[in-house]
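Heads up, the thing below is written out as structure tokens.
Bear in mind these aren't lab numbers, they're just calculated from the coordinates by the rules spelled out. This is a predicted model, so every value here is computed, not measured. FYI the Cβ positions are ideal-geometry reconstructions off the backbone, even for glycines, and counts take in every protein chain you see.
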Amino acid sequence: MTSPIKNQTNILEKLNIEKLNVMQEEAQETILANSEIVLLSPTGTGKTLAFLLPIIAELDINCSEVQVLIVVPSRELAIQIEQVIREMGTGYKANAVYGGRAGSKDKAEIKHRPAILIGTPGRIADHLRRENFASEFISTLVLDEFDKSLEIGFETEMKEILSLLPKIHKKILTSATQEVEIPKFVGLKNPTIIDYLNQGTSQLKVRTILATSPDKLETLARLLCHLGNQPGIIFCNFKDTIQEVSDFLNDNNIGHGCFYGGMEQKDRERALIKFRNGTHRLIVATDLAARGIDVPEIRFIVHYQLPLKAHEFTHRNGRTARMFSDGTAYVLKGMNENLPDFIENAEIEKIEKAEIPSPSIWKTIYISGGRKDKISKGDIAGLFMKQGQLGNGQIGTIEIKTDCAFVAIHASEVNRLIRLVDNSRLKNKKIRVTVI
């Protein structure tokens, strides 16, 4: 199939994607041809790229103001979309704005206007209210995972955003669920629906693990030992439960990260970085991790605490068995618990005794220089191999942020590497190198 978008092959090469999937191809054609689009597709099927490609194709290269506004329910999703646009290498500027950081930092970044602005409803509404950028050049509005924004109480801000955008010609709504009605204030008249919700999760297996005592922790440990070194997410309903599970895993030398709404943004971001690069193979999380986070292929998820609603169960399960892959959702059933009606066909599985998974071979180091210092992945790899005396197999994933970078390093080499490269110069900047 020939793409209507110029340079698409180059963009996909930069993203290490061989070709678009069927949903992405249909979305691309539909978005280019219509003014109102609702894209429904499971978590992990590539909705972000599906709407970004046609949006970027329609940008006016001669316009120096914000042309596209993408409203998202979480900071993580805003950061993720910003990163994807940068990795596409189209030459168009993109910025993410969100709560939890100083508004002055936003203003400094968007002083040189991005073509695409991504942000959470509260922060976007605040910038529009203060007229921190012109709104009359914004012709495309994306409400990404719009149902999640409504679910967590952003309806007032979303109404305000719509009222402050006078020249919108194209509206794109995305969701991983069909259960939420599109609000009237969005103003859709006759949207074109792209619906792939019944595809992509057919290879999910759901299994019930019966806890052998009122306390599920020992059963969780046996399950994790049984599963070995596969990447997975353990879902809890409450922050206090995450702390309880995390303490237990630490006591049993099972490495993991934590992810929930009450954490500092920096700590949440670092938890995901460590998960992506293999330093941690497990994350203990609330439903905040069920959607809108950029993580690698996950082999399993565990419902340590049972979800309260059917759509929570669906979205948690959507983190594994993504399109064209398989995965397992394990339901931990306490001795006195009854499974809700929406958990069906969950066969009981017995787990064998196994050893505690071996520790990860990777550790993550922090570098105090990033994109704004013109530092590239090649610069970091070159310094670590030449001055740090590392071999190819001892350097893992490198992630570069605006003002810092994170690198997975073979755990056995970390201390020696820091001695050799800390306080070195990289692209005219003296950098600090520390383990996190």
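Mind putting together the pair-distance distribution for the range 362-435? All Cα pairs, 10 Å bins, whole percent per bin, short to long.
Result, from short to long distances: 22, 63, 15, 0 percent.
Kindly provide the GluC sites (Glu not before Pro) of the range 321-411 that DSSP labels as loop, not H, G, I, E or B, and whose Cβ sees at most 11 other Cβ atoms within 10 Å.
Details: sites: Glu337, Glu344, Glu347, Glu349, Glu352, Glu355, Glu399; in loops: Glu337, Glu344, Glu349, Glu352, Glu355.
Answer by residue number: Glu344, Glu352, Glu355.
Using DSSP to call loops (not H, G, I, E or B), can you name the GluC sites (Glu not before Pro) in the range 78-148 whose Cβ has at most 13 other Cβ atoms within 10 angstrom?
Numbers: sites: Glu82, Glu87, Glu109, Glu131, Glu136, Glu145; in loops: Glu131, Glu136, Glu145.
Loop-located and lightly packed - Glu131, Glu136.
Return the lysines within reach of Lys19: Cα separation strictly under 24 angstrom, same-chain partners fewer than 8 residues apart disregarded; answer none if there are no such residues.
Result set, ordered by chain and number: Lys6, Lys47.
Can you give the Kirkwood hydrodynamic radius of the range 77-233 from its Cα pairs, in Å with one decimal? Present the calculation step by step, with values, prior to reporting the outcome.
Details: mean 1/r = 0.0526 Å⁻¹.
So the Kirkwood estimate lands at 19.0 Å.
Tell me, in nm to one decimal, what length is gained between Thr192 and Asn34 on full extension, where the rule is 0.36 nm per residue of separation less the Cα-Cα distance?
Working: separation 158, 0.36 × 158 = 56.88 nm, distance 0.73 nm.
Result for the pair: 56.1 nm of gain on full extension.
For the chain, with only Lys/Arg (+1) and Asp/Glu (-1) charged at the beta-carbon, what is the dipole magnitude about the Cα centre, in debye rounded to 20? Don't jump to the answer; show the numbers that get you there.
Values: 56 positive and 54 negative charges, 386 e Å.
Once rounded to the nearest 20, the dipole reads 1860 debye.
D for the range 13-89, whole µm²/s, Stokes-Einstein with Kirkwood Rh over alpha-carbon pairs at 4 °C and 1.567 mPa s: what number? List each step's numbers first, then the result.
Values: Rh = 13.7 Å.
This corresponds to a translational diffusion coefficient of 95 µm²/s.
Determine the calculated [θ] at 222 nm for the chain from helices alone, applying -39500 (n - 2.57) to every DSSP H run no shorter than 4 residues and normalising by the residue count; nearest 500 deg cm²/dmol.
Values: 14 runs with 137 residues, N = 436.
Roughly -9000 deg cm²/dmol at 222 nm, from the helical runs in the chain.
From the P(r) of the range 204-348, can you give the percent of Cα pairs sitting at distances over 19 Å?
Values: 4978 of 10440 pairs.
So the pairs more than 19 Å apart make up 48 percent of the total in the range 204-348.
Can you spot the aspartates and glutamates whose alpha carbon is less than 16 Å from Lys14's alpha carbon? Ignore those fewer than 8 places along the same chain.
The reachable aspartates and glutamates, counting only those whose Cα sits under 16 Å from Lys14, are Glu82, Glu87, Glu399.
Taking every DSSP beta bridge with both residues inside the chain, roughly what % is antiparallel (nearest 5)? Walk me through the intermediate numbers first.
Numbers: 15 of 65 bridges.
Bridges in the chain that DSSP calls antiparallel: roughly 25 percent.
Would you mind giving the average projected area, over all directions, of the Cα convex hull of the chain in nm² with one decimal?
Details: hull surface 87.6 nm².
Hull-based average projected area comes out at 21.9 nm².
Based only on other Cβ atoms within 10 Å, what is the fewest-to-most ordering of Cys225, Cys63, Cys236? Mind showing how you got there, number by number?
Numbers: Cys225 17, Cys63 12, Cys236 22.
Least to most surrounded, the residues fall as Cys63, Cys225, Cys236.
May I ask you to sort Lys171, Lys386, Lys189, Lys93 by Cβ crowding, counting other Cβ atoms within 10 Å and putting the fewest first? List each step's numbers first, then the result.
Details: Lys171 21, Lys386 11, Lys189 7, Lys93 17.
Placing the least packed residue first, the sequence is Lys189, Lys386, Lys93, Lys171.
Could you list, in their original order, any pairs among Lys274/Lys333; Lys386/Lys427; Lys148/Lys184; Lys148/Lys171; Lys171/Lys205 whose Cα atoms are separated by more than 25 Å?
Beyond 25 Å between Cα atoms: Lys274/Lys333; Lys171/Lys205.
Give the Rg/Rh ratio for the range 217-295, taking Rg as the radius of gyration of the Cα atoms and Rh as the Kirkwood radius, to two decimals.
Working: Rg = 11.8 Å, Rh = 12.7 Å.
So for the range 217-295, dividing Rg by the Kirkwood Rh gives 0.93.
Please give the net charge around Arg222, taking every other residue with its beta carbon less than 9 angstrom from that of Arg222, where Lys and Arg add +1 and Asp and Glu add -1.
On the way: positive: Lys353; negative: Glu218, Glu352.
Counting the neighbours of Arg222, the net charge comes to -1.
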